[in-house]
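Heads up, the thing below is written out as structure tokens.
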Amino acid sequence: MRERVAAVADLDFNFDVFDGESAEASAIVSAANTLPFASERRLIVVKNVDKMKAAAHAELAAYASDPAPTACLVLVAGSVSRSGRLFKAVDALGGAVEYRAPRKNDYPSWAMSHFSSKGRQLTPDGAEALVRAVGRDLRRLDIEAEKIIAFAGDKERIEKEDVEAVVSETAPTSVFEFLDALGARECGTALGLLADLIDGGESVTGAHAMAVRHIRTLLSVRALLDRDATEREIAAQIHAADWQVRNFARQSRRFEEPELIGALRAAAEAEANMKSGGADARITFERWVIGVCND
């Protein structure tokens, strides 16, 4: 999308990004209605549209009924109601598109299909080697695919050896892998992944904030499950996709509600200790992780 718009727009001067959790719909509409500078188009991207209030959705839907011809407005959401006014307005323009990330075990197959779309055949063991080395970031997989194809030259069948000659096993640990291990109460795995994250440049405070948000989500899901809420009802409440709800539900069942409340209280105490400078932030956070897993 960005590449296509860049062909008709100078994105140094005609590119705006908004976060739906904090942005006002009026500011987004104003940016879309602003004439581009020395270009044919402007690009406006709004993330977390599903976190916006209904009134904001209504304002964006009204804009979609008569959009500016010089603007490309991209609305990104983790989940969205197809019966909602905003979705219907965007869909009426032919602009509603759903992108589903492959499941964990599907990434090698995705890689093989991706190479096929580029006119090359990637062997199964080559696909496994690529995903193992790069990880499950589709953008990085695409970048490495281009490198491998350039390295292979005219060779149509790309083997494991070709992949290994180009990429090295540098797949970064995802913070979501750490959060999954924390939610599963797998203490050793969580601590190991946390160490990889911090050693890879993630801040302790950043990891702490993500962990607190995850525990809050598990608490919400646990409370909804205790009230016999359905997966669809939970998805609507926490603004998450179905597969995320199933993951959160599985993890939340490993805790009793008081345990999750206690984890949040302990997190607040840990944050206070980290900010005071009286204790090593990393050790303080690691102790909190241990407490969550073992309480």
Trypsin sites (Lys or Arg not before Pro) within the stretch 43-75: DSSP coil, no more than 14 neighbouring Cβ in 10 Å: K53
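I need L43, L11 ordered by Cβ neighbour count within 10 Å, fewest first.
L11, L43
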Other-chain or far-sequence residues with amide H under 5 Å of R42's (modelled H): A71, C72
Sorted by Cβ density within 10 Å, fewest first, the residues R250, R222, R42: R250, R222, R42
Other-chain or far-sequence residues with amide H under 5 Å of L122's (modelled H): S116, I158
Cβ-defined net charge surrounding A209, 13 Å radius [Lys, Arg +1; Asp, Glu -1]: +1
Stretchable slack from T189 to E21, in nm (0.36 nm times residue separation minus alpha-carbon distance): 57.3 nm
Backbone HN-Hα couplings from phi across the stretch 212-219 [Karplus 6.51/-1.76/1.60, Hz, Gly and Pro as x]: 4, 4, 5, 5, 4, 5, 5, 5
For the chain, cysteines whose Cβ has no other cysteine Cβ within reach (under 4.7 Å): C72
Ranked list, fewest to most other Cβ atoms within 10 Å of each Cβ, for T217, T230: T230, T217
Counted charge near I198, where neighbours are those whose Cβ lies closer than 13 Å (Asp, Glu -1; Lys, Arg +1): -4
Cβ-derived FRET efficiency at R0 45 Å, I290 paired with A54, nearest 0.05: 0.60
When each of K51/K88; K47/K147; K118/K147; K104/K155; K118/K160 is checked by Cα-Cα distance, pairs over 21 Å: K47/K147; K104/K155
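Where a number appears in this text, it was derived from the coordinates with a stated rule and is not lab data. Treat the numbers as computed from the prediction; the structure is a model and nothing was measured. Because the Cβ atoms are built from the backbone with ideal geometry, glycine has one as well, and the counts that use them run over all protein chains shown.
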